[in-house]
Every structure is written in C-alpha cells, then in structure tokens.
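A.B. asks: Here you go, one structure.
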Amino acid sequence: MRLHVSIGLRWSDLDAYGHVNNVSMLRLLEEARIQAFWADGAGRAAGATTAVLNGGPDADTLTFLARQEIEYLKAVPYHRTPLDVQIWLSRLGGASLEVCYEVHSPQGEAPDLLYTRASTTIVLMDATTQRPRRVSALERAAWEPYVDEPIVFRPHGRPAAAEPRSVVAPSKTEPASD
C-alpha cells in the first residue's frame, strides 16, 4: 500500500531552465516525509495513519538520515496543482526504515507522469542519548501496512535505454595497447 501526499510547488523551486531544481526536489521529498510521519497534526497528509512521530522540539525521538538516493527521470515543469508524492517503506528494521518515493504529476492529470524515484534510510535516535533506538510496537503497527517492494534504480553510469557493453580482453598473442 502507498500513501499519497500532495506537495505544491513554489516559484522558488524552479531553476533557470524552468523546471524544478534538483536540490528543490530533495526539499519536496522532505516535506512529503514530514507530512507522512510527523504526528503534530499541522500539515499532516490526509489519512496519514503513518504519522506517529513527534516532530516538535520536545520530541524524545530524532530522525537521522543515513542515506539518500534519487533518480531524476523527467524534468518537472511548474504545476499549479500539487504533485502526487507516493510513499511506502521497503524495509522496516530494528532501528531504521527505508522510505521510498515516487513523484508523479498531479493526481487526475493525464497522462500520469513519473518524474522522480528516491529512497531515504532513516535511523530513529533517542533524543537524550543520541543513540539508535528500536522501532516501537505502535510505530511498527502503523508502518507495516505500507511495506512493499524496494525501488530498483538504474545502474550507475548508464542511461535508461542503454544496453550493457561487453568488454573484450586483449588477446594473449597481441600486446595490450596503452
């Protein structure tokens, strides 16, 4: 199951090329993640049963990002209607979780375009000790329905449609060229 979070674009998200800047995309993913997981009620994604973390200054849990990977598939033009950020978990570990994202064109807009795929590894930290802490039973119950397959990213260094190249080793009878 996926959570759908609507994220609006701002003019400041655009770059000189007229599309959403790569750094702005990471900020948009951050906004979607906060709406999906923070339980403070303000700005919470509609129906976000996943929002069980206290995100305020008095929180007993901190969320540290251990890793992020992002794949830009299409340039995102400015939209007046919010983008549809789909969020799910590919892994729910002892003290960490892998959050997956797909950024789509606004819901109901045809055709449905997939602009970006990304994943973030989050480690839950005890605010007092600054050490990892276990996922609680409440969190696990809220998040388990959203566990699904991980994103399969393209291999690094290859365009999406590229065929793998075969490498031919030099013959033993011919000297290798420099």
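A.B. asks: Starting from the stretch 17-30, keep only residues that are without any contact (Cβ under 8 Å) to a residue 12 or more places away in the chain, then list their pairs with residues that are of a type outside the set (S, T, N, Q) whose Cβ atoms are within a distance under 6 Å, requiring at least 6 positions of separation or different chains.
C.D. replies: Matching pairs, first to second residue: Asn21/Asp15.
So that you can scan it fast, the table gives a plain yes or no per residue for (1) within 18 Å of Glu144 (Cα to Cα); (2) not hydrophobic (A, V, I, L, M, F, W, C):
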site	(1), (2)
Ser6	no, yes
Trp11	no, no
Gln35	yes, yes
Ala51	yes, no
Gly56	no, yes
Ile70	no, no
Gly94	yes, yes
Gly108	no, yes
Pro111	no, yes
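A.B. asks: Looking at the stretch 61-84, which of the residues that are among the polar types (S, T, N, Q) and either modelled with pLDDT under 95 or more than 14 Å from the chain's Cα centre (by Cα) (or both) is farthest from Tyr115 (Cα to Cα)?
C.D. replies: Looking only at the stretch 61-84, we keep the residues that are among the polar types (S, T, N, Q), and these are 61, 63, 68, 81.
Filter once more, keeping what is either modelled with pLDDT under 95 or more than 14 Å from the chain's Cα centre (by Cα) (or both): 61, 63, 81.
Details: Thr61: 32, Thr63: 26, Thr81: 15 Å.
Only one residue tops the list, namely Thr61.
A.B. asks: Taking the condition under 22 Å from Ala141 (Cα atoms), at pLDDT below 95, in a loop (DSSP other than H, G, I, E, B) and of a type in the set (Asp, Glu), does Asp58 pass? Lay out the reasoning, then the answer.
C.D. replies: Values: under 22 Å from Ala141 (Cα atoms): no; at pLDDT below 95: yes; in a loop (DSSP other than H, G, I, E, B): yes; of a type in the set (Asp, Glu): yes.
Here the answer is no, as Asp58 does not meet what is asked.
A.B. asks: Within the set of pairs 6 or more residues apart or between chains, which connect a residue that is closer than 14 Å to Arg33 by Cβ inside the stretch 49-70 to a residue that is outside any strand (DSSP E or B) and of a type in the set (Ser, Thr, Tyr) with Cβ atoms less than 8 Å apart?
C.D. replies: Note: pairs meeting the criteria are Thr50/Tyr146.
The values are calculated or read from the model by the stated rules, or taken from the named source; none is laboratory data. Keep in mind that this is a model prediction, so the values were computed, not measured. Glycine gets a Cβ as well: all are built from the backbone with ideal geometry, and neighbour counts include every protein chain shown.
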